[in-house]
Each structure stands twice: as structure tokens, then as C-alpha cells.
């Protein structure tokens with residue numbers, strides 16, 4: 001049993017490494033500046049597309065509610081960032097979004113209960129596997145179902161990035177989990193400030 005578990009852990013680590021490498025390569029080759037689009041279901045069981053968030057910045061994270069460690073940690077980071085943005089008076093410009101990579105288990109009801117533990121402003125999005133696959137490609141994020149749900153990842157491995165989408169629906173930033181919430185807040189704040197400055201100059 002110990003040998004089997006070790007093999008599973010090694011395979012999981014390999015998949016994460018491959019997925020992360022592919023992700024980094026895609027970002028290097030294509031850059032960001034790509035318009036997003038999606039058609040998903042919110043935690044309130046309402047259909048949502050990118051058009052529902054026009055003129056807003058989107059602060060996005062991909063994960064799943066059964067994630068044992070990484071997702072709860074990053075959702076707490078999202079909560080702290082939202083608190084900092086509120087202090088600076090920018091929270092009304094940003095919509096925080098949590099998109100599941102495990103739509104079979106993450107129903108709207110489960111998503112609603114999950115995000116309630118972090119911040120009521122967060123919009124949870126789920127959908128069919130097909131729609132989730134589409135939106136993952138748009139954001140160039142990675143996830144993979146493992147053969148068993150009894151491993152340390154509860155059946156899913158995924159890349160660990162936050163994403164920032166501007167009010168025009170363009171993906172303008174991706175941030176790895178090695179940033180603390182203050183640095184992440186600064187990156188978002190800088191993007192917002194630059195956008196406001198450019199808008200004022202055009203008037």
C-alpha cells in the first residue's frame with residue numbers, strides 16, 4: 001500500500017510539473033492581452049457570461065471546494081485583498097470570482113456554502129465539464145482529474161494562479177501563489193490606477 005501511494009504521489013507531482021510548465025510556456029509564447037468569454041452558472045443558480053461583468057475588473061481564481069489546502073489558503077488571500085481594496089476605495093471596481101475545476105461535485109448550492117466562509121462579494125461559478133474546459137483554455141489554466149479521490153488532492157490537481165481581467169474583458173495579469181496579499185493588492189491597485197489615469201487623459 002505504501003508503494004502504491006508513493007507511486008500515486010509521484011505521478012501527481014509529475015502531472016503538476018508538466019501542467020505548470022505548459023502553462024508558463026503558453027504565457028511566454030502568447031502573453032496575456034486576450035479577451036475572455038464564458039457561459040457558466042453562478043452560486044445563485046443564475047446563468048452568467050462575461051457580459052454580466054462589463055465595466056468591472058475581474059479578480060479570478062480557479063479551484064474546487066474539496067481542495068484540502070491550497071484553495072482555502074488562496075481564498076483567504078482573496079478575502080484579504082478585497083479588504084485592502086475596500087480600504088483604498090477601489091473595492092466597488094472589482095468583482096472577485098471563484099471558478100471551479102470540479103463541476104461534477106461543485107453544484108451551485110455547494111459553491112454558495114463554500115464561498116460564504118470567505119467573503120459574500122465572491123461570485124462562485126460552475127457549469128458543465130465542457131464549459132469549464134472552455135473557460136480554462138481562455139485563461140490558459142491547468143487542471144487534471146486523478147484516478148482516485150482518496151489521494152492528498154481529493155481527485156483533482158490544478159495550477160495555482162490569480163488572474164486579473166480589465167473592464168474591457170481583456171486578461172491583463174496572472175499572479176503565482178508566491179506573492180503575499182499585500183503584493184497582490186499592489187499589483188491590482190497599480191493596474192486600476194493606470195487604467196483610471198489613461199481614461200482621464202482621454203477625456
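The values are calculated or read from the model by the stated rules, or taken from the named source; none is laboratory data. These numbers were taken from a predicted model, which means no experiment stands behind them. Cβ placement follows ideal geometry from the backbone for every residue including glycine, while neighbour counts extend to all protein chains displayed.
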### Task
Taking residue 100 as the residue in question, decide whether it is surrounded by fewer than 21 Cβ atoms within 10 Å (Cβ to Cβ) and modelled with pLDDT of 90 or more.
no
#### Entry: Among (1) assigned to a strand (DSSP E or B); (2) surrounded by 22 or more Cβ atoms within 10 Å (Cβ to Cβ); (3) in contact with a helix residue (DSSP H, G or I) (Cβ under 6 Å, 6 or more places away or on another chain), the one test that residue 60 misses
(3)
### Message
I'd like to know if the stretch 166-175 contains one or more residues that are assigned to a loop (DSSP other than H, G, I, E, B), surrounded by 11 or more Cβ atoms within 10 Å (Cβ to Cβ), within 22 Å of the chain's Cα centre (by Cα) and at pLDDT below 90.
### Response
no
### Message
Can you tell me which residue is nearest to residue 111 (Cα to Cα) among those in the stretch 63-77 that are in contact (Cβ under 8 Å) with a residue 12 or more places away in the chain and not in a helix (DSSP H, G or I)?
### Response
65
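Kindly indicate whether residue 140 is closer than 26 Å to residue 45 by Cα, surrounded by 14 or more Cβ atoms within 10 Å (Cβ to Cβ) and free of Cβ contacts under 8 Å to residues at least 40 places away in the same chain.
It is false that residue 140 is closer than 26 Å to residue 45 by Cα, surrounded by 14 or more Cβ atoms within 10 Å (Cβ to Cβ) and free of Cβ contacts under 8 Å to residues at least 40 places away in the same chain.
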